[in-house]
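Encoded as structure tokens, the structure appears first; notes follow it.
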């Protein structure tokens, strides 16, 4: 790993340098010690008797101190060099990291006053927002990130359902070069997840919901896959009602993490006042080094063919709906797969559905069994021979379009197949279209079988 350590020769910068050296030893990498001379102010120029002499003296002093920092790292077994620049500090750091193809920028936590941070922002904060590569912020007083017995204990705090490509790439690189235990932490907002999965109440709002935890852990495990190298991988999913930054730091302490990894936020200007930045709050109060990874789109070669292994086939048990079902089985070709055959028993649900129970209109056990039998009767006889497994699901309650999208989330469907009844004109305006709503809401491919093909 090629590391750029930025120093202003302060005690907090010295601690960051020790972390930079430790990471270089762990990964067999190198460190470039960088100091940037900020532009002088007009007042300083006014009192200088000889600006040229002053420039030369400052440059000699800074170069000597920077070289001394590099020699100190070399004495600990780290390959290290020194470099001095001048100009806008954050811009020069980012440019130097790009010029040297550094994998990581390491900085000490900024000690600017609260008022100064509010008006100007910190140097570390501005570097994070400008950088196109990971930036490690080391709090004052921290001089090591290694766990007892060596290796790293990492907490990766996620800000969405998925792991960012750049974050995962960084963690893979760490695992390939050092023993590294990684915990992926996903905090979720309960109402959002209740609605996404179509969960009905009443539910315990104060604890993590097992259905949501299981779903998100499964998503994360599938996306992360098998990390290379040595170390354990675990997943922690929790409901979050309060300040997420505080909970992230609490979990880091509970798990004795030596390194916290999270995505860098990019909000600027007035948006930062109306949307307090979680990443910035974490950096401000963290007792462990925080590695901020800027988001980058996953590279695409344009040659990857998406795989479809699970399809939700929806029917309202009308002739038109039933005749659309076989088209779901055609999507698997010769490789087999799973068809989730789904029917929605529409009935009103309370608002929000996850807060109240609504027994009125619920299907009886006999009615549900009858509907499931009707769904099983739609399974093509050749499905088993083609290696296609079929599950039947009856959703009891809600609007069909919404309920089908929620069922696709719960059942991990890669795509949906729905039939179109071909309504038009005033009828469509009054009644709406289930297929239209599914297409509008679904976050996955939707195959709509036109009425002409179903004979309706």
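The values are calculated or read from the model by the stated rules, or taken from the named source; none is laboratory data. Note that the structure is predicted; figures quoted are calculated from it, not measured. We place every Cβ from the backbone using ideal geometry, glycine too, and count neighbours over all the protein chains shown.
Details
- Any chance residue 268 is more than 15 Å from the chain's Cα centre (by Cα), at pLDDT 90 or above and not assigned by TED's automatic domain parsing to the domain that holds residue 109: no
- Just one of the listed residues (136, 152) is assigned by TED's automatic domain parsing to the domain that holds residue 225, within 29 Å of residue 90 (Cβ to Cβ), in contact with a helix residue (DSSP H, G or I) (Cβ under 9 Å, 6 or more places away or on another chain) and surrounded by 18 or more Cβ atoms within 10 Å (Cβ to Cβ), and it is 152.
- Pair list, Cβ < 6 Å and 6+ apart or interchain, from the range 1-21 residues that are closer than 10 Å to residue 34 by Cα to residues that are in a loop (DSSP other than H, G, I, E, B) and at pLDDT 90 or above: 4/102
- Residue under evaluation residue 220, criteria (1) modelled with pLDDT of 90 or more; (2) closer than 30 Å to residue 359 by Cα, criterion not met: (2)
- Scanning the range 121-135 for any residue that is at pLDDT below 70 and farther than 28 Å from residue 256 by Cβ turns up at least one such residue.
- Residues in the range 155-184 that are buried (at least 18 other Cβ atoms within 10 Å of the Cβ) and farther than 19 Å from residue 228 by Cα: 157, 158.
- Of residues in the range 23-43 being in a helix (DSSP H, G or I) and surrounded by fewer than 19 Cβ atoms within 10 Å (Cβ to Cβ), the one modelled with the highest pLDDT: 25
- Matching residues in the range 233-251 - criterion: being closer than 26 Å to residue 178 by Cα and in contact with a helix residue (DSSP H, G or I) (Cβ under 9 Å, 6 or more places away or on another chain): 233, 235, 236, 237, 248, 249
- Residues satisfying the stated conditions in the range 227-258, i.e. more than 17 Å from the chain's Cα centre (by Cα), at negative phi and outside any helix (DSSP H, G or I): 228, 230, 232, 241, 242, 243, 255, 257, 258
- Selection count, the range 323-356, where residues are over 18 Å from residue 387 (Cβ atoms), touching a residue at least 60 places away in the same chain (Cβ under 8 Å) and touching a strand residue (DSSP E or B) at 6+ places or on another chain (Cβ under 8 Å): 6
- The range 101-120 - residue that is under 28 Å from the mean Cα position of the chain (by Cα) and in a loop (DSSP other than H, G, I, E, B) and, of those, modelled with the lowest pLDDT: 110
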